[in-house]
Amino acid sequence: MYWLILGVLCALFAVIALLLWQKWAAPWPQIEQLVSQIARGESPSTFLVNGGADPHRIGLALETIFARQRDLERQIAGRESHTQTILGAMEDGVLVVDARSLITLMNPTFQKLFDLRDPAVGVPLVEAVRHATLDQLIAGTLKTGEAMRSELSITDSRTHGERHIEVSAVPIKKAGDEMSGAVVLFHDITTLKQLDQIRREFVANVSHELRTPLSILRGYIEVLLDEPETSPEELARILSIMERHSKRLQRLVNDLLSLAQLESSQATLEVSVVRVDELFNNLVRDWKEKLAAKNLKVVVDLAPEALTLQADATRLEEVLYNLLDNAVKFSRERAGSSAGDASRFRHGIKCR
């Protein structure tokens, strides 16, 4: 009897232990598997956990965590896509480095400026971009915690020309002013530099451009003063020349006033039909006195047919007047003749 009771109690304890194991211990491998799948970013086939109400609630909690994780991932991906779209549309180059000068972000414009095929994220800046001035600028910002600015000159790998870049470095700080990195902006000022050079060259050449019509006007004024009895025909010719060159002076003054148009690339040409014979004849007639003063002469040899071209007459005159002015200025007295000819050549007119 004793052994029977003992056997029944053992069987009862075994059943209770089995039930407890099925309720508490058996679900844990399944729960561990769910947690591992979520940690790896995988999607579990089911969140139902066998073993009663408590394991079932754990499965539902894991399902909620998984759903929130996926929603957070979608939000992060959306924000990252939005950020990349903004960075990709920016005309300025953008570079972000951490406190150790490791690259954490760059946009396509920066890659083009420094000829980087792929984003060098995680690479030390000194290895990705070998430029001492840039290294010193970023190192100074990370060390002092102050925004810094400088100007770089780099070689364009496509055109092999020099490009001028304005660089601004701004520190990134954590709470307590601890440095965590820097944001660096790269603004291409090559066009501004070129426009500034054009403006300086333009201003430098204005005196030369003004000198020619002024000298012609002064020469004919001296003729009129020295020869008050000039014939009406000669007087009309001289006044006609003076009128034309006064218009040239006005055009040059207008160019000075329109320098802003040149800077904004909006300068225009007044194109019209120009007769080549009239152009060269006017040139010789205007320079008659100066040529005679140095015993020089200009021989114009034009093709028999009437030649015309589409051009800005005033601009073309300026070019030819400057050429002749230099020829007269640097030719010795009685040095010989300057010859010019014009003839039709293929689809245009060849002048020498």
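Bear in mind that the values in this text are calculations on the coordinates, not laboratory data. Because the structure is a prediction, the values reported are computed rather than measured. Using ideal geometry, Cβ is built from the backbone for each residue, glycine included, and neighbour counts are taken over all protein chains shown.
Quick rundown of the values:
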item: Distant-in-sequence amide H partners of Val123 (H built 1.01 Å from N, under 5 Å); result: Ile103
item: Gain upon complete extension [Arg79, Leu214; 0.36 nm per residue less C-alpha separation]; result: 42.0 nm
item: Cα-only radius of gyration and Dmax that characterise region 158-296, units Å; result: 26.6, 93
item: Separation in nanometres of the label points that stand 7 Å from Cα toward Cβ, at Leu249 and Lys329; result: 1.9
item: Amide H within-cut-off set for Ile189, under 5 Å, with H built and near neighbours excluded; result: His164, Ile165, Glu166
item: In nm, spacing of pseudo-spin labels at Arg70 and Ser153 (7 Å Cα→C-beta vector); result: 5.8
item: Cα-projected label distance for Glu201 with Leu224, points at 7 Å along beta-carbon direction, nm; result: 3.7
item: Packing-based ranking, highest mean first, of 157-163, 109-115 given that Cβ atoms within 10 Å are counted; result: 109-115, 157-163
item: Of Ile216, Gln197, Pro232, farthest towards positive along the dipole that unit charges on Lys, Arg, Asp, Glu beta carbons give region 190-267; result: Gln197
item: Entries in Lys193/Lys288; Lys193/Lys290; Lys247/Lys329 that, when Cα-Cα distance is taken, lie over 31 Å; result: Lys193/Lys288; Lys193/Lys290
item: Amide hydrogen neighbours beyond the local backbone of Glu151, cut-off 5 Å, H modeled; result: Val167
item: Backbone HN-Hα couplings from phi across region 321-332 [Karplus 6.51/-1.76/1.60, Hz, Gly and Pro as x]; result: 5, 5, 4, 5, 4, 5, 4, 5, 5, 9, 9, 6
item: 21 Å Cα-Cα reach of Lys174 towards lysines, excluding residues that sit fewer than 8 places from it in its own chain; result: Lys143
